[in-house]
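Asks: Below is a structure I'd like to ask you about.
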Amino acid sequence: MVNYKDLGLVNSRNMFKKAIDGGFAIPGYNFNNMEQIQAIIRACAETDSPVILQVSKGAREYANQTLLRHMACGAVEMARKDLGSNIPIVLHLDHGDSFEICKSCIETGFSSVMIDGSAHSFEDNIALTKKVVEFAHDHDVTVEGELGVLAGIEDEVSHEKSHYTKPEEVEEFVSRTGVDSLAISIGTSHGAYKFKVKPGDPQPKLRLDILEEVKKRIPGFPIVLHGASSVLPEYVDIINQFGGKMDNAVGVPEDEIRKAAASAVCKVNIDSDGRLVMTAIIRKVFAEKPAEFDPRKYLGPARAELIKMISRKNKEVLGSAGHGAEIFAME
Ligand code: G3H
Ligand code: 13P
Ligand code: ZN
């Protein structure tokens, strides 16, 4: 058993408390490799932002679960020793789909897990989530559940249509499972093609009315927004300019994320925006310097751009910048 506290990690409880009181959101950034985790930690340290490092089931398979944990542990040390930063860092399983994967992560140093039972019936989702919560809480690990379905691919589970969260179900779900936070479906989806928008159409909107209804029913309870990348057009343009083909890629306007973060949403999940940044810069380097073959020469600039993007999100969209050390002091 590896206890996350021995790795310098924290669970998400204090972060969420502060985020709710302060009307901001904690970033949940996914990582699969060294450059991504370096960029996340550097940007969050430089902006003094609390951070949730997210590992999906696919990331565990891609990069090796043991290596990822040691990378997270190394990230804590890098933040403290090399960057002189006291930001709180959570290591979180993103979209866990079984009790076994959650248990395995808890036993190997994760401080937070998501059990995504959204593909199951309401009753089965409750039973699965409750089982994970009981095990997790015995180890002081926090748990995120999900009610409602996001369209698109959630790891191997693909849903053609989203089903908005039913506000009338949230109270019962939260009280019967004991979860610490709840992911809801209000119009976002995973990936780079979230909305069908034609030229001249108005900007896509989230169902913030559902969020308000949920908030009324479980006031002060931490709500999580998945699929929250904005699919930043400047990076989609670079990708298309340098040989890529991402037609009609559309994300959630940052203003909608700002509104959600100022309301009950206290964790915002961002993966696709980071992927776009890396792809855009790597494509540009390859096109402009075709003789280059040192990975540091294309991964390095990609990492530098990722740091910029994450810093801006923390400061201008989520409002998490400046809250790191104050939350760490609560631990
Ligand atoms: O939930 C979706 C996240 O972006 C993780 O994606 O399963 O491809 O690692 P992934
Ligand atoms: P995006 O695809 O919008 O980045 O969503 C990521 C996510 O929800 C990870 O769980
Ligand atoms: Zn997600």
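A short reminder: the numbers here are calculations on the coordinates, not readings from a lab. The shown structure was predicted, so the numbers you read here are calculated from the model rather than taken from an experiment. Cβ coordinates were reconstructed from backbone atoms using ideal geometry, including for glycine residues, and neighbour counts include every protein chain displayed.
Asks: Can you count the Lys pairs in region 58-207 with C-alpha separation below 24 Å, eight or more apart or on different chains?
Replies: Count of close lysine pairs: 13.
Asks: What is the Cα coordinate range of the chain on the first, second and third principal axes, sorted by size from largest, in whole angstrom?
Replies: 59, 50, 35
Asks: So if I restrict to the alpha-carbon atoms in region 201-265, what is the Rg, and what is Dmax, the biggest pairwise distance, in Å?
Replies: Gyration radius and largest Cα-Cα distance of region 201-265: 15.2, 49 Å.
Asks: Ok, one more. Taking only Cα atoms and a 10 Å spring cutoff, compute GNM fluctuations for the chain and point out the largest among D271, D237, D116.
Replies: D237
Asks: Using a Gaussian network model of the chain whose springs link C-alpha atoms within less than 10 Å, name the residue from V268, V285, V250 with the highest mean-square fluctuation.
Replies: V285
Asks: Among the aspartates and glutamates, select those whose C-alpha is under 17 Å from the C-alpha of K313, and discard any that sit fewer than 8 residues away in the same chain.
Replies: Once the sequence-local aspartates and glutamates are set aside, what remains near K313 is E46, D48, E234, E254, D255, E256, D271, D273, E305.
Asks: Same structure again: Highest first, please rank the peptides 164-177, 288-301 by the mean number of other Cβ atoms sitting within 10 Å of their residues. Please list the in-between numbers first.
Replies: On the way: 164-177: 17.3, 288-301: 11.4.
So the peptides 164-177, 288-301, ranked by packing, come out 164-177, 288-301.
Asks: Just how far, in whole angstrom, is region 291-319 from region 55-125 if you go by their alpha carbon centroids?
Replies: Taking the Cα centre of each part, region 55-125 and region 291-319 sit 22 Å apart.
Asks: In terms of the Cα gyration tensor, with a ≥ b ≥ c the square roots of its eigenvalues, is region 14-134 rounded because a/c is under 1.5, prolate because a/b exceeds b/c, or oblate?
Replies: Working: a/c = 2.35, a/b = 1.45, b/c = 1.62.
Note, shape of region 14-134 comes out oblate.
Asks: In addition: Would you tally the net charge around F24, using a Cβ to Cβ cut-off of less than 13 Å, leaving F24 out, and scoring K and R as +1, D and E as -1?
Replies: Details: positive: K17, K18, R258, K259, K267, K313, K315; negative: D21, D48, E316, E326.
Net charge around F24: +3.
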